[in-house]
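A.B. asks: Pasting a structure below so you can have a look.
Rule-based calculations on the coordinates, nothing more; no lab input. Model, not experiment: these values are computed from the prediction. Note: ideal-geometry Cβ built from the backbone for every residue, glycine included; neighbour counts use all protein chains shown.
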Amino acid sequence: MLGGVAGGAIGGKVFKKLPAVWLRRAFALLLIFGGVRSVIL
């Protein structure tokens, strides 16, 4: 649980500096990765 809190805080600071286009791409990759992993496993 502590790792999630620390990751959320660090991620929030990092993603504030990125343009919205890169955030959308990163989220899309995360969704694709999760989908492929759920199909394979």
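A.B. asks: Please give the helix 20-40 orientation as an angle from the longest Cα principal axis of the chain, in degrees from 0 to 90, rounded to the nearest 10.
C.D. replies: 30 degrees
A.B. asks: Using only Cα atoms, find the angle between the long axis of helix 2-16 and the longest principal axis of the chain, and express it within 0 to 90 degrees, rounded to the nearest 10.
C.D. replies: On a 0 to 90 degree scale, this one is about 70.
A.B. asks: Obtain the nm distance between the two label points defined at Leu31 and Phe15 by a simple spin-label model: each point lies 7 Å from its Cα along the Cα-to-C-beta direction.
C.D. replies: For Leu31 paired with Phe15, the spin-label model returns 1.3 nm.
A.B. asks: Starting from the coordinates of the alpha-carbon atoms of the chain, obtain the Kirkwood hydrodynamic radius over all distinct pairs and give the value in Å to one decimal.
C.D. replies: One over the average 1/r among Cα pairs gives 11.7 Å for the chain.
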